[in-house]
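Structure record follows, encoded as structure tokens.
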Amino acid sequence: MILPVPVGRSFTYAVPPQMAESIKVGSRVVVPFGNNKLHTGIVLSAGDSADSSGYEIKEIAELVDTEPVVGGHELRMWEWMADYYMCALGDVMKAALPGGMKLTSETSIRLIDDFDDFDSLTKSEMTVMDKLSGGRHKTMEELHKAAKGINVMRVVRSLMQKGALEVSETMVETFRAKKEVHVRIVPKYLDETALNELFESLQKTPRRYALMLKLAELASVETAIKMRNPQLMEEVSRNRLLKEANVSAAVLAGLKAKGIVETYDYEIGRLGGNAGSVVDQLPLSEAQQAAFDKISSEWQRHNVCLLHGVTSSGKTEIYIRLIRKMINEGRQVLYLLPEIALTTQITQRLQRIFGDEMGVYHSKFPDAERVELWQKQMSARPFSLVVGVRSAIFLPMQRLGLVIVDEEHETSYKQQDPAPRYNARDAAVVLAQLHGAKVLLGTATPSIESFYNTTIQKYGYVRLDKRYGDMLLPNIEVVDVQDLLRRKMMQQPFSPPLLAEMKQALESGEQVILFQNRRGYAPVVECNACGWVPTCEYCDVSLTYHNDDHKLHCHYCGNTFLIPEKCPNCGGYHLRSFGFGTEKVEEEVRKLFPKARTARLDLDTTRSRSSYRNIIDAFSEGKTDVLIGTQMVSKGLDFDNVRVVGILDADTMLSRPDFRCNERAFQMMSQVAGRAGRRNRQGYVILQTRRADSQLIAQVVEGDYMGMYQAQLRERQQFFYPPFYRLIYVWVKHRDEAVVNETAYLLAQQMLRVFGGGVLGPDKPAVARIQMKHIRKVALKVSPAMPAAEVRANLYSIVGNVLALPRLRSAMIYFDVDPQ
Ligand SMILES: [Zn+2]
Ligand SMILES: [Zn+2]
């Protein structure tokens, strides 16, 4: 049995005779655990072989499903993940299953506001509903106590199916803005004469007239009438309509009261989509066709193939062909995208092409929706294509034929916290192997590991050098900021060449992207008199000033602080700030180019899913001229009117204390540079740096991936880093600094004794305290010659030894395998 608890592997329970016939591997059961709390578990294996020696075996309380909810391949992947990433199997289960499928005593439940079908409820269901009335959340445990004599787990599940209850997870609440109010004209006006009469009658009320005119335009009412097909009307959101018609909500309410328009809830990003069509499929270029053919032939010899295609080379078209081919052969495709790219153009295009064959999966979707998609994938008619972020790797698949990992170099494929700290790209390879499926890794800037795997013939390799539609690669100009500063020629964060390019772009109606990898207004604040720097109360890190709310922000724990009225150190009254965050860059652009329409793309402006999309859409449609952003602007976006990309400060990327620093800097700069360029015309990239003569900058300018790769590979070999050695970090956290220090010290000592070498640390990380917890790290470099199972067993026993010391028992220790 797998239980959603962060300890151990699996647990043994006795099967009551009445369940013996119907229990299946992969089904859910409810069992008592620990202090007789109830948990939903998954059956990992069934039979009488289980070893029962040593402890009392409890009985399964309830069998939830008669059919499995998790397939055999998925369970094997869970086991691999727990082994490889050194965490509990229960951690994997927790990450894999949507909340509604793993009820435990601690799960919090609440009523769904608009539920009104009370007639369909049984007596016990009504009792549970009563206990939850008044909008309160209750945990299963509380419900159990409140509703005595009722099988709460069963009743709650059935109420969830009826749409009366939901799991209240804090994450879900933040992202509940799934429904948008849309407006449409009532059907009786979908007739030329009726519509003309309507407009005639509205002449006297200009604001109503304006709103109707806008609605007719946005909804393409004319086309719908002409083609006699109301289905051709476009969706119109209420907010957009009011904004573009520039009228108040009262005007809309008036029209609604008169029965001219109606409003309805439109659900964004629901399962499925519009009917599929092939209109959107563009013909493959010669180069794309050649790549497509080569991928198929590489798959004859390798299960995994790397598609190395320069930015804007049209990889998506190739993916679309491969997906179509797989679906035609009756197999399923899983298409993984980095978190942020999911809401963009790619998903919309795929949805237009694959329509209701396709589902979208995101860990931030409401739980009910995730459960729905999960169940569909286990049903007789699963989606053929699932597009999702890293957690989509857990979705059940029945006939998986292909996994596409787009932008495979992206660090967001690796989960940092909590366990399992898995890399979805690597898990995809394992999953595909279990299913006998193929994997395609796509990127313009392969990770060192993936490229290395092609050179040792582990992965196949296909290169696509040509940009689609003869788009030219951008021209990159390096600007030496050091020199310009000396000559006092920098105008705030902008160099003269960048300003000249920006000016020209704006004058000719072209666009600009400015990349600055720091959000907020000013990254450094200090007392003018004594140099005192405000730091976070909970973390060892200095604070960033944000102009939006005039507060100091901690970028590690998210807490905000008021600006002190006077310096707590010297009592001085003047704080000054240095550096440029995205907010300040935007302010400077507005000062220098007052007519330019600007937008900012960073964590602060994209708290909700739709805001991200709105910013991107506005820029794509040319409604903004200058887009200022953090690394978010580098993520798989295609624009076709960007004349110039400015990288304001390359140096922040070049000076991180991390063996992947250069690889990442190359990837980030190449990706953001790739956003420049327009059809048939070259784009310009202005790269500002103080280290103009560094080798890495030269490699970025030349687009010399191979040069970067070889230089990095030599260093990795010399210093025993991946891909030559495996890396495992052992992290220690505790509120008490003495405890962390001793724990980390003992761990390092014992690791040295057991492994004989390859142990680094204990280290104090750059930010050595986060949210009141002190942090230390011990790194282990493992030779590939050492069997992985032995390494893990040794590490577990070392940790066991250290935690056996009573004074260190409360230290938190966990592993990060293949850290990013
Ligand atoms: Zn001071
Ligand atoms: Zn903090």
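Straight-line cross-link partners of Lys94 among the lysines, defined as a Cα under 18 Å from its Cα and at least 8 positions apart when in the same chain: Lys37, Lys102, Lys364, Lys414. Between amide H atoms placed 1.01 Å from N, distances below 5 Å from Leu282 occur with no residue 5 or more places distant or on a separate chain.
The packing ranking, built from the mean of other Cβ atoms within 10 Å per residue, places the peptides 293-303, 543-553 in the order 543-553, 293-303, highest first. Placing unit charges on each Cβ (+1 for Lys and Arg, -1 for Asp and Glu) gives region 677-807 a dipole about its Cα centre, and among Leu780, Gly757, Leu687 the Cα reaching farthest toward its positive end belongs to Leu687.
Note that region 599-605 has calculated 3J(HN,Hα) couplings of 8, 10, 10, 8, 4, 6, 9 Hz, one per residue in order, obtained from phi through the Karplus relation 6.51 cos²θ - 1.76 cosθ + 1.60 (θ = phi - 60°); glycine and proline are x. The residues neighbouring Gly254, those whose beta-carbon lies less than 12 Å from its own, together hold a net charge of +4 under the Lys/Arg +1, Asp/Glu -1 convention. Each of Val403, Gly436, Ile456 was scored by the projection of its Cα onto the charge dipole of region 390-461, and the greatest displacement toward the positive side belongs to Gly436; charges sit on the C-beta of Lys, Arg, Asp and Glu.
Taking amide H as placed 1.01 Å from N in the peptide plane, the amide H of Val644 sits under 5 Å from that of Gln511, Ile513, Tyr684, each at least 5 places away or on another chain. Bridgeable lysines around Lys188 (alpha carbons under 23 Å apart, same-chain partners fewer than 8 residues away excluded): Lys204, Lys214, Lys226, Lys256, Lys258. Dividing the summed helix terms, -39500 (n - 2.57) for each DSSP H run of n ≥ 4, by the number of residues in the chain produces a 222 nm estimate of -10500 deg cm²/dmol to the nearest 500. Here the gap between Met812 and Arg228, fully extended at 0.36 nm per residue and compared with their Cα-Cα distance, gives a gain of 203.6 nm.
Note on the chain: Cα Rg divided by 2.2 N^0.38 Å, N the number of residues, gives 1.03. Computed from backbone phi with θ = phi - 60° and the Karplus coefficients 6.51, -1.76 and 1.60, the 3J(HN,Hα) list for region 572-577 is x, 9, 10, 9, 10, 10 Hz; x is used for glycine and proline. Taking θ as phi - 60° and the Karplus parameters 6.51, -1.76 and 1.60, the scalar couplings of region 480-492 work out to 7, 5, 3, 5, 5, 5, 4, 8, 6, 10, 7, 9, 6 Hz in sequence order, x denoting glycine and proline.
Taking a ≥ b ≥ c as the square roots of the eigenvalues of the Cα gyration tensor of region 344-415, is the shape rounded (a/c under 1.5), prolate (a/b larger than b/c) or oblate?
rounded
For region 12-136, just say rounded, prolate or oblate: build the C-alpha gyration tensor, square-root its eigenvalues into a ≥ b ≥ c, call rounded for a/c under 1.5, and beyond that prolate if a/b exceeds b/c, oblate if not. Prolate is the answer for region 12-136, as a/c is 1.5 or above and a/b outweighs b/c.
For the peptides 188-195, 71-78, the ranking by mean Cβ contacts within 10 Å, running from highest to lowest, is 71-78, 188-195.
Would you list which lysines come within 18 Å of Lys551, measuring only between C-alpha atoms, while excluding same-chain residues fewer than 8 positions from it? Output for Lys551: Lys566, Lys584. Most simply put, the chain has about 55% antiparallel DSSP beta bridges, counting only bridges with both residues inside it.
The charge dipole of the chain, taken about the Cα centre with unit charges on the Cβ atoms of Lys, Arg (+1) and Asp, Glu (-1), comes to about 680 debye, rounded to the nearest 20. When both region 179-220 and region 348-373 are represented by their alpha-carbon centers, they are found 32 Å apart.
Here the dipole of region 299-407 is about 340 debye; that uses its Cα centre as origin and unit charges on the Cβ of Lys and Arg (positive) and Asp and Glu (negative).
Mean projected area of the Cα convex hull of region 412-519, taken over all directions, amounts to 12.4 nm². Name the residue farthest towards the positive end of the dipole of the chain from the options Phe639, Phe115, Tyr209, assuming +1 on Cβ of Lys and Arg, -1 on Cβ of Asp and Glu, about the Cα centre. Toward the positive end, the furthest listed residue is Phe639. Label region 583-700 by shape, choosing from rounded, prolate and oblate, from the square roots a ≥ b ≥ c of the eigenvalues of the Cα gyration tensor; if a/c is under 1.5 it is rounded, and otherwise prolate applies when a/b is larger than b/c, oblate when it is not. Prolate is the answer for region 583-700, as a/c is 1.5 or above and a/b outweighs b/c.
Pairs of Cα atoms nearer than 8 Å and 6+ residues apart set the relative contact order; for region 444-597 it is 19 percent. Treating r as the C-beta distance of Asp113 and Arg487 and R0 as 56 Å, the FRET efficiency rounds to 0.30.
Ranked by the mean number of other Cβ atoms within 10 Å of their residues, highest first, the peptides 449-455, 19-25 fall in the order 449-455, 19-25. Taking the three principal axes of the alpha carbon atoms in region 753-820, the coordinate ranges are 39, 30, 17 Å, sorted in descending order. Taking amide H atoms as placed 1.01 Å from N in the peptide plane, the amide H of Ile404 lies under 5 Å from those of Leu334, Tyr335, Leu336, Leu440, each 5 or more residues away in sequence or on another chain.
Placing +1 on each Lys and Arg Cβ and -1 on each Asp and Glu Cβ, with no other charges, gives region 1-124 a dipole about its Cα centre of roughly 360 debye.
Every number here is computed from the coordinates shown, using simple stated rules; none is lab data. Quick caveat: nothing in here was measured; it's all calculated off a predicted structure. Cβ sites come from the backbone with ideal geometry, for glycine too, and all protein chains shown count toward neighbours.
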